[in-house]
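The values are calculated or read from the model by the stated rules, or taken from the named source; none is laboratory data. None of these values were measured; they are calculated from a predicted model. Cβ placement follows ideal geometry from the backbone for every residue including glycine, while neighbour counts extend to all protein chains displayed.
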Amino acid sequence: MRVACIIMAHKGPQQIERFIKKFSGLPFDFFIHIDKKINIQPFEYLADLPQVNFITDRVRVQWASYSYIVAILHSLKMVLENRIRYDFISIMSGQDYPIKPVTDIYNTIEKNPGRNFICYDEGDEWWSHAISRINKYHFTNFGFRGRYRLQFFVNALLPVRKFPLPYKLYGGPRAMCMTISNECAKYVLYFIESNKKLRRFMRFTWGPDEFIVPTIIMNSRFKETVINNNFYYIDWSKGGVNPKTLLTEDYPLLLSSDKMLARKFDMSVDKVILDMLDNF
């Protein structure tokens, strides 16, 4: 079994290096997408590490926009066209870190061939506020001045938007990270690339990384293969639109968690927490 890990990154090459080295000796290959807005030069040395590749078709990513999904699609395409056939593809961020032995991650995936590890909220609480990501126009994907003023007027004048497919919606605040089978990844890539109406609609959504892939998978034949667990510990207790940066004070919670990975960490804020996790 072999796993391709797509790392979506815009900062912290040393932290990414540290993360990759945790998987040394295991059949994991890494494909790093560096936001096109960012100078790639500080990251280039990572290509000297075994089993590391860079996504060549980089995307200029606007935070919480459809451009992030486009970057994932470009990355999936490169992985799927690789001469190596991967059994699983994981989508990660550059601020993730293992909180359990990486062999646990490998063994869990190996014991579940063909399964898809994604995360979505079971109830309606998240959608009670997140539905505005879909039924209102969002100009987050664009960079022109005055876009949010225009967004306000567009939403005041035009009717409520409706998702362009007759699908039940799935999503949640932990849905951006996942590990999916090769066949499921091909399906997601083909589905979005062949559906122009969906792509056009998604350009005007907010935070689609937290709902579009789970929605596609859960409305397909792959629904029966889904395990609603993406292995991630993410702390949203601070509220707002970003998860908490995990610190030394969070170590007991990380250690007691049944999850195997966590985000987000930042070595420039607290390096000691990573040292502690390396020594559990």
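Can you find even one residue in segment 231-249 that is over 30 Å from residue 132 (Cα atoms) and of a type in the set (A, V, I, L, M, F, W, C)?
Yes - at least one qualifying residue is present in segment 231-249.
Among the numbered criteria (1) more than 24 Å from residue 213 (Cα to Cα); (2) assigned to a strand (DSSP E or B); (3) polar (S, T, N, Q), which one does residue 103 miss?
Unmet condition: (2).
Do the conditions hold for residue 10, that is, is it crowded, with 21+ Cβ neighbours inside 10 Å and either of a type outside the set (Phe, Trp, Tyr) or closer than 26 Å to residue 182 by Cβ (or both)?
no
Mind listing whichever residues of segment 131-148 are under 18 Å from residue 214 (Cα atoms) and within 20 Å of the chain's Cα centre (by Cα)?
Those that are under 18 Å from residue 214 (Cα atoms) and within 20 Å of the chain's Cα centre (by Cα): 131, 133, 134.
Has segment 179-187 got at least one residue that is farther than 21 Å from residue 110 by Cβ and either basic (Lys, Arg) or out of contact with any His (no Cβ under 6 Å at 6 or more places or on another chain) (or both)?
Looking for residues that are farther than 21 Å from residue 110 by Cβ and either basic (Lys, Arg) or out of contact with any His (no Cβ under 6 Å at 6 or more places or on another chain) (or both), one finds at least one in segment 179-187, hence yes.
Condition first: modelled with pLDDT under 95 and surrounded by 14 or more Cβ atoms within 10 Å (Cβ to Cβ). Can you find one or more residues in segment 104-125 that meet it?
yes
Being of a type in the set (A, V, I, L, M, F, W, C) and modelled with pLDDT of 95 or more: is that true of residue 201 here?
Considered against the rule, which asks whether it is of a type in the set (A, V, I, L, M, F, W, C) and modelled with pLDDT of 95 or more, residue 201 comes out as yes.
Pick out, from segment 172-280, the helices (runs of 4 or more DSSP H) lying fully within it that include 3 or more residues that are over 26 Å from residue 86 (Cα atoms), under 18 Å from the mean Cα position of the chain (by Cα) and without any contact (Cβ under 8 Å) to a residue 60 or more places away in the chain.
none
Just give me the residues in segment 52-64 being closer than 22 Å to residue 186 by Cα, part of a loop (DSSP other than H, G, I, E, B) and in contact with a Phe, Trp or Tyr (Cβ under 9 Å, 6 or more places away or on another chain), in sequence order.
Listed by number, the residues that qualify are 55, 59.
Hey, residue 203 hits all of (1) touching a Lys or Arg at 6+ places or on another chain (Cβ under 8 Å); (2) basic (Lys, Arg); (3) crowded, with 18+ Cβ neighbours inside 10 Å but one; which does it fall short on?
All conditions pass for residue 203, except number (1).
Here's the yes/no breakdown for (1) over 18 Å from residue 17 (Cβ atoms); (2) free of Cβ contacts under 8 Å to residues at least 60 places away in the same chain; (3) more than 20 Å from the chain's Cα centre (by Cα):
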| position | (1), (2), (3) |
| --- | --- |
| 47 | no, yes, yes |
| 59 | yes, yes, no |
| 64 | yes, no, no |
| 70 | yes, yes, no |
| 89 | yes, no, no |
| 94 | no, no, no |
| 103 | yes, no, yes |
| 115 | yes, no, no |
| 129 | yes, yes, yes |
